[in-house]
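Data block below; observations after.
Each reported figure results from applying straightforward, stated rules to the coordinates on display, with no laboratory input. What you see is a predicted model; the values in this text were computed from it and never measured. In this analysis, Cβ positions are derived from the backbone assuming ideal geometry, glycine residues included, and neighbour counts consider all displayed protein chains.
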Ligand SMILES: *[C@@H]1O[C@H](CO)[C@@H](O)[C@H](O)[C@H]1NC(C)=O
């Protein structure tokens, strides 16, 4: 003990600088699995700081923020693979709230050896010559570091584990899958002139982990996609089929109302997600603009469908609302499906577009199969019943004028199969005797009860729409 004290006194007496430097050296933070490592020094000589950041290449991006234990106010050093995947792209960033940081071009960096990629890691090593000790606030919490502090706040984050490469320093990102807070001893790194370095087996040194979380993802964004795709790409076309093939008015209304609720919930989540990312927080992208239009159309569609139904019940005649409803429905589904693809690209999930495209092809084939099957069944039933019209070139005969293509003279106003062509005349007495069971207008007007009663069995069911 005495010997030790003496030795220390001697050291102090003969080499005061060395004694003071006993604990000096770079500070190094590393996650428990080595996925992210960060070595830091304050070299002096007018250099703000120096660092080396190493990230496992299986992560899309990695970043360390200094000067804060929260996102706002930190200065971020972020890296990802360059487009050729033979080097790194370095992107210094800042943010003023808890949202995706944006590129910040004021600091001046001098890239050092040790920058590049190997089979497992990407590494960026540099000196910062200016603007790395304080950076602007712009209304948020301003950022500074105190390089003589032994407990400086810092944070880290890793993007999702997926292939990612870009040369763009302003590249849009997905939210982090892991993040955490740590404390960095900057004091002990002062005047350490050796370049910061991360060895092959880095150990925590002059840094402590305060908090970390993994398995994080943007659930709002995922739920937005799930609800919208279910609502618009699946339920809405299904609801259209319910009317077209089954004439199930009530089921149609119920299904489309559920689909609309999905869409409105999805819309809320989409708006909430938008505030998280630089690319979406200004509501200027195609996906967002088209999305807002589609949601407005859906609300209008609900109202129009309701108005049509009310009027149809009174008059038993096609209404202008009905026509608008059919066309607006087609536009909604078309724009909605298109926007689903835009949205997947917007969320940097373009590869899921293939899955969605597969789903859409499946649905379209299903619709074709259902339509053809329906016709075939109707024709067969007629044949079995000895219906003389069954074998004709127009399988539905003139008893179903709303199913015939408009005659050439009909003009644009008769695009809708449930519109009797202008030339249509009520069936003659003889026709009525022969075809009474399948005559739409008669059976309709004869029916006293609600026309909503689902009628699965007959293609001759009076239709409000096609
Ligand atoms: C890697 O990129 C850095 C800039 O980020 C550059 O300074 C360095 O020269 C590049 N290295 C190679 C081998 O291209």
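Here are the numbers for the structure shown:
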| item | result |
| --- | --- |
| Residues in segment 169-208 that a label on residue 217 would reach, taking backbone N under 13 Å of a point 7 Å out along Cα→Cβ | 175-178 |
| Likely footprinting exposure, 99, 226, fewest C-beta neighbours within 10 Å first | 226, 99 |
| Rel. contact order, % - alpha carbon contacts under 8 angstrom, at least six apart, segment 182-252 | 26 percent |
| Förster radius 30 Å - calculated FRET efficiency between residue 151 and residue 98 (Cβ-Cβ, nearest 0.05) | 0.85 |
| Relative exposure of 351, 381, judged by other C-beta atoms within 10 Å (fewest first) | 351, 381 |
| Exposure proxy ranking, count of Cβ atoms within 10 Å, fewest first, for 331, 79 | 331, 79 |
| Rel. contact order, % - alpha carbon contacts under 8 angstrom, at least six apart, segment 165-317 | 20 percent |
| Residue 334-residue 374 pseudo-label distance in nm [points 7 Å out on the Cα-to-Cβ vector] | 2.0 nm |
| Computed lengthening from residue 313 to residue 203, 0.36 nm per intervening residue step minus Cα-Cα distance | 31.9 nm |
| Ranked packing of 198-205, 86-93, most packed first, by mean Cβ within 10 Å | 86-93, 198-205 |
| Segment residue 289-residue 320, length gained on full extension (0.36 nm per residue, minus Cα span) | 8.4 nm |
